[in-house]
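Below is one structure; the comments refer to it alone.
Each reported figure results from applying straightforward, stated rules to the coordinates on display, with no laboratory input. Given the structure is predicted, the values throughout are model-derived calculations rather than measurements. Here Cβ is always computed from backbone atoms with ideal geometry, including for glycine, and neighbour counts include all displayed protein chains.
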Amino acid sequence: MNILILSCLDGINEPECMRDSLIARGVPSEAIMLDVKGFRTILSVIRANQVYGLKSFTIISQRFHNERALYQAEHLGLDVKDLQAFNARSPFSEMAVMIYVREYFARVKMFWDLWTSDETSDTHK
């Protein structure tokens, strides 16, 4: 693994927390990039390919994010030669129910977006 792109919404400290945790575990800081424009799962995948120029990469997230990302990348025909996913542990707390409800609507939105819009339009902003 040459570089890690940590992606999340701007203003949410999730990427910074992930970066700090990785550095504490010995990952060199120069091998970590923060992508604060990852507003949605598919935008993170598109940006990895089109903004950062990656042709081969691994997505590490919960299974439901990975399933959507892989499907969308294939559907959009991204110029990727090797895209794979590693499933992190799924949430199992009391709040997990809300996560799975959110995922249901995220999948509905994913299909709506794929059928009606151009998801790649604001990836370079």
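Let me spell out the model: positive unit charges on the Cβ of Lys and Arg, negative unit charges on the Cβ of Asp and Glu, origin at the Cα centre of the stretch 37-122. What dipole size does that give, in debye rounded to 20? Kindly include the intermediate steps, with their values, before the conclusion.
Numbers: 11 positive and 10 negative charges, 44 e Å.
Here the stretch 37-122 has a charge dipole of around 220 debye.
Which number gives the lysine pairs in the chain that have C-alpha atoms under 20 Å apart and are eight or more places apart or on different chains? Spell out each step's value before the answer.
Values: LYS37/LYS55; LYS37/LYS109; LYS37/LYS125; LYS55/LYS81.
Close lysine pairs found across the chain: 4.
Using the count of nearby Cβ atoms within 10 Å as a rough guide to exposure, how do PHE111, PHE39, PHE92 rank from fewest to most?
Details: PHE111 13, PHE39 16, PHE92 8.
Lowest to highest Cβ neighbour count: PHE92, PHE111, PHE39.
Starting with the fewest neighbours, write out ILE42, ILE60 ranked by other beta-carbon atoms found within 10 Å of each beta-carbon. If you can, show how the numbers build up before the last one.
Working: ILE42 24, ILE60 14.
Least to most surrounded, the residues fall as ILE60, ILE42.
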